[in-house]
Amino acid sequence: MSARKKRPAMPGTTEDVAAMIRVDHAGEYGAVRIYKGQLAVLGNRKSPIVDAIRHMAEEEQKHLTAFDKLIVERQVRPTALEPVWRVAGFALGAVTALMGEKAAMACTAAVEDVIDEHYGEQITKLDGDPALKHDIEQFRADEIAHKNEALAQGAEDAPGYKLLSESIKAGCRLAIKLSERI
Ligand SMILES: [Fe+2]
Ligand SMILES: [Fe+2]
């Protein structure tokens, strides 16, 4: 067998679905790294925002664990960009946290806005894969709750909110495009 031959996807896992699992796995990993970066800066503080970050980080870890399993069960090749997301996610978290707690929340609101849209699009394509659709619906509900919590905690009061938010969203959209393929 040629080493270059594509790994067979599990029956029922089309290339499209494999790409979805690959990008979602990468995204949840990136989310975990963002919160690690934020907690590296803010973890010693006691505040409602830091409590919120801790709670969000726990939920991202659950999402990641679920996609870790799916990657194995469905025999999906994980993204080759993991080392990039490892560093970029942590850096995004740390830098926004250094800008202040509200900027950390602005980061969450921006990321989750893109993920909400992204998961929403996937859900419309997953009628043929009810198990995965169900998981993604649940995760999407968590991400929307994160976004709403971040907004409630004053994300929009962060200095330079608009530019910060738009830059982070553009970065997330690029990361999604890349992780679907690479
Ligand atoms: Fe997540
Ligand atoms: Fe999230």
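The values are calculated or read from the model by the stated rules, or taken from the named source; none is laboratory data. Fair warning: this is a prediction, and the values are worked out from it, not measured in the lab. We place every Cβ from the backbone using ideal geometry, glycine too, and count neighbours over all the protein chains shown. For the accessible areas, the whole protein counts, side chains as well, though only heavy atoms, and no ligand, DNA or RNA atoms are used. Shrake-Rupley method; radii C 1.70, N 1.55, O 1.52, S 1.80 Å.
A few remarks follow.
- Among the residues making up region 130-140, those that are open to solvent by less than 50 Å² (accessible area, probe 1.4 Å) and within 13 Å of ligand 2 (Cβ to nearest atom) are Ile136, Phe139.
- Out of Ala18, Ala40, sole residue that is in a helix (DSSP H, G or I) and open to solvent by less than 20 Å² (accessible area, probe 1.4 Å): Ala18
- Residue, farthest from the chain's Cα centre (by Cα), within region 62-105, restricted to residues that are within 14 Å of ligand 2 (Cβ to nearest atom) and under 19 Å from Ala175 (Cβ atoms): Ala104
- For region 73-85, the criterion of being at pLDDT 95 or above and small (Gly, Ala, Ser) is met by none of the residues.
- Which numbered condition Pro159 fails, given (1) part of a helix (DSSP H, G or I); (2) away from ligand 1 (no atom under 15 Å from the Cβ); (3) touching a residue at least 40 places away in the same chain (Cβ under 8 Å): (1)
- All positions within region 141-153 that are open to solvent by 40 Å² or more (accessible area, probe 1.4 Å) and either of a type in the set (Ser, Thr, Tyr) or under 13 Å from Lys62 (Cα atoms) (or both): Asp142
- Any hit, region 83-96, residues being open to solvent by less than 30 Å² (accessible area, probe 1.4 Å), in contact (Cβ under 8 Å) with a residue 60 or more places away in the chain and among the hydroxyl-bearing types (Ser, Thr, Tyr): yes
- Across region 108-118, the number of residues qualifying as open to solvent by less than 10 Å² (accessible area, probe 1.4 Å) and within 11 Å of ligand 2 (Cβ to nearest atom) comes to 4.
- Applying a threshold of 9 Å to beta carbon distances and a minimum spacing of six or more residues, or different chains, the list of pairs starting in region 106-131 at a residue that is of a type in the set (Phe, Trp, Tyr) and ending at one that is within 16 Å of ligand 1 (Cβ to nearest atom) and open to solvent by 60 Å² or more (accessible area, probe 1.4 Å) reads Tyr119/Glu137; Tyr119/Arg140.
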